[in-house]
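The values are calculated or read from the model by the stated rules, or taken from the named source; none is laboratory data. Just so we're clear, the structure is a prediction, and the values are computed from it rather than from any experiment. Because the Cβ atoms are built from the backbone with ideal geometry, glycine has one as well, and the counts that use them run over all protein chains shown. Side chains are part of the model used for accessible areas, which takes the heavy atoms of the whole protein and leaves out ligands, DNA and RNA. Shrake-Rupley method; radii C 1.70, N 1.55, O 1.52, S 1.80 Å.
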Amino acid sequence: MTTDAVLRPHAEQQYADELARLAEHDERPRPPGWKLSPWAVTTYLLGGELPGGAVVTPKYIGPRRLIEVAVATLATDRALLLLGVPGTAKTWVSEHLAAAVSGDSTLLVQGTAGTPEEALRYGWNYARLLAEGPSEAALVESPLMRAMRRGAVARVEELTRMPGDVQDALITILSEKTLPVPELTTEVQARKGFTVIATANDRDRGVNELSSALRRRFNTVVLPLPATVDDEVDIVARRVGQLGAALELPEAPAGLAEIRRVVTVFRELRSGLSSDGRTRLKSPSGTLGTAEAISVITSGLALAAHFGDGVLRAADVAGGIVGAVVQDPVADRVVWQEYLETVVRDRPEWRDFYRACREVS
C-alpha cells in the first residue's frame, strides 16, 4: 500500500525525503546504530536549511535546548522520559525522534491500565507452547525485545497509566540492557543503538506513580505548552494543514483568524486569565491543549467544506469549542457561560463568535 492511500503515514514514511537529504549532507559523527548524527536529528525536528537550499520543515516548535537535551540523552545509555500535560506534543516528538534515530517509529507499546507485563517483555504462542513446549518458535517478541535485537528505539506511550508492577518490568531492561528468558535458559542482549523513549502525563502522576528505582533509569525532559499565542497558532496551523491534506479537505482561506481565536479561547481558559489581564476566569475540568485546538479546527474545516461555502467561520468552530470545554455538564457549563458573558461578549470583533456559541450552548 502506498503512503498516499494511508490516512496517517509513519513519520519515517511521510518525511522520507527529508531524512534522506539529511543523511546525504550529514558528515558529523553518528553514535553506533544511528541513521543520523545528533545534529541532524535535532535539525530534523526543529527545521533548517541544508546546503544547496533544501529546506527541512520543523516538526516541533519550542525551546531548542529541550530537543538537544533529549537527543543527547539518547546518545548515552540512559532512557528518555518525555513528561508534560496533554497537548505538549510528547507522542509527536517521541515518534519523530525514533524515526530520525533508527528509521523506525513503529516499535511501540501503548500503556493502559490493562497493559500486561508481556507487552514489555515477551509472550507465548500458546498453541505451539502446548504442542512443542517452550521454544524460540513459540516465543512472541514484544516491541522492546525486537528493538533490543535490532539496536533500535523502542517507544512506551503513557507509561504512568500502566500498573506499577508492569512498569517495573523495564528496570532490568534499562539498567542491564538485557532481557532474561528463563523458560529457554537464555537472554536477549541489547545491540548498540537500543534505547527507550517513554511518555507520561503530568496530570496522571497520582494514578500510577513511577517507582524511584524506575525513575532513576530515565533522564526526564519536561515539554511545556507553547510559550506564546503566535507559537501555538503556528503549531495548530501546520498540523491542521497536514491533517486537512491527508483527509483531502479544501483549504480554508480565512482559517488563520479562526485558528487564532480558538487558540486564544483555550489559552485564556487554561490560564484562568483573559489575554488583557483584566478578568479572572475559572478553568474548566478538561484539558484545553494544542491537540484539542487542532481537533476543533479540523472538525470546523470539515463542516465548512461539506456544509458551508468552504470558508472557515465562527459557526464552524463554535460547536467544537463548546464540546471541548464542557466536559462536566454542570460545572463546566457554568464556567463556559461566565466566559462568554464576561469576556467574549465585550469584544466587538468577536460578535459573530459570541452569537455562534450562544446558539450551540
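Give the residues of region 61-82 that are among the aliphatic types (A, V, I, L, M) and either closer than 20 Å to Lys192 by Cα or out of contact with any helix residue (DSSP H, G or I) (no Cβ under 6 Å at 6 or more places or on another chain) (or both), sorted by residue number. The answer is Leu66, Val69, Ala70, Val71, Ala72, Leu74, Ala75, Ala79, Leu80, Leu81. Within region 72-98, the set of residues being of a type in the set (Gly, Ala, Ser), open to solvent by 20 Å² or more (accessible area, probe 1.4 Å) and either under 20 Å from Leu170 (Cα atoms) or in contact with a strand residue (DSSP E or B) (Cβ under 6 Å, 6 or more places away or on another chain) (or both) comprises just one member, Ala75.
Taking region 29-40 on its own, how many of its residues are surrounded by 15 or more Cβ atoms within 10 Å (Cβ to Cβ) and out of contact with any Gly (no Cβ under 8 Å at 6 or more places or on another chain)? Here the count works out to 6.
Scanning region 72-108 for residues that are outside any helix (DSSP H, G or I) and under 18 Å from Glu12 (Cα atoms) returns Ala89, Gly103, Asp104, Ser105, Thr106, Leu107, Leu108. When region 118-159 is examined, which residues are found to be among the acidic types (Asp, Glu), more than 30 Å from Arg30 (Cβ to Cβ) and free of Cβ contacts under 8 Å to residues at least 40 places away in the same chain? Within region 118-159, Glu118, Glu132 qualify.
Of the listed requirements (1) in contact with a Leu (Cβ under 8 Å, 6 or more places away or on another chain); (2) closer than 28 Å to Tyr15 by Cα, Gly272 misses just one: (2).
Within this structure, Leu288 passes the test of being closer than 24 Å to Thr228 by Cα, assigned to a loop (DSSP other than H, G, I, E, B) and open to solvent by less than 20 Å² (accessible area, probe 1.4 Å).
A quick yes/no check of all residues on (1) among the basic types (Lys, Arg); (2) within 22 Å of the chain's Cα centre (by Cα); (3) over 30 Å from Ser275 (Cβ atoms); (4) at pLDDT 95 or above:
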| residue | (1), (2), (3), (4) |
| --- | --- |
| Thr185 | no, no, yes, no |
| Ala190 | no, no, yes, yes |
| Phe194 | no, yes, yes, yes |
| Ala198 | no, yes, yes, yes |
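Look at region 63-80: where a residue is more than 14 Å from Pro32 (Cα to Cα) and a partner is among the small types (Gly, Ala, Ser) and open to solvent by less than 50 Å² (accessible area, probe 1.4 Å), sitting 6+ places away or on another chain with Cβ atoms under 6 Å, you get Leu80/Ala70.
In the set Val140, Val69, only one residue is aliphatic (A, V, I, L, M), surrounded by fewer than 20 Cβ atoms within 10 Å (Cβ to Cβ) and not in a strand (DSSP E or B); that residue is Val69. Filtering region 306-323 to residues that are open to solvent by less than 30 Å² (accessible area, probe 1.4 Å) and in contact with a Pro (Cβ under 9 Å, 6 or more places away or on another chain) leaves Gly310, Leu312.
Quick grid of which residues meet (1) surrounded by fewer than 21 Cβ atoms within 10 Å (Cβ to Cβ); (2) of a type in the set (Asp, Glu); (3) modelled with pLDDT of 95 or more; (4) closer than 20 Å to Ile235 by Cβ:
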residue: Glu27; (1), (2), (3), (4): yes, yes, no, no
residue: Ala100; (1), (2), (3), (4): no, no, yes, yes
residue: Gly103; (1), (2), (3), (4): yes, no, yes, no
residue: Thr106; (1), (2), (3), (4): yes, no, yes, no
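For region 1-25, the set of residues classified as without any contact (Cβ under 8 Å) to a residue 12 or more places away in the chain, in a loop (DSSP other than H, G, I, E, B), surrounded by fewer than 12 Cβ atoms within 10 Å (Cβ to Cβ) and not hydroxyl-bearing (Ser, Thr, Tyr) consists of Met1 only. Restricting Leu249, Leu303, Leu256 to those that are in the same structural domain as Arg347 (by TED's automatic domain parsing), in contact (Cβ under 8 Å) with a residue 12 or more places away in the chain and part of a loop (DSSP other than H, G, I, E, B) reduces the list to Leu249.
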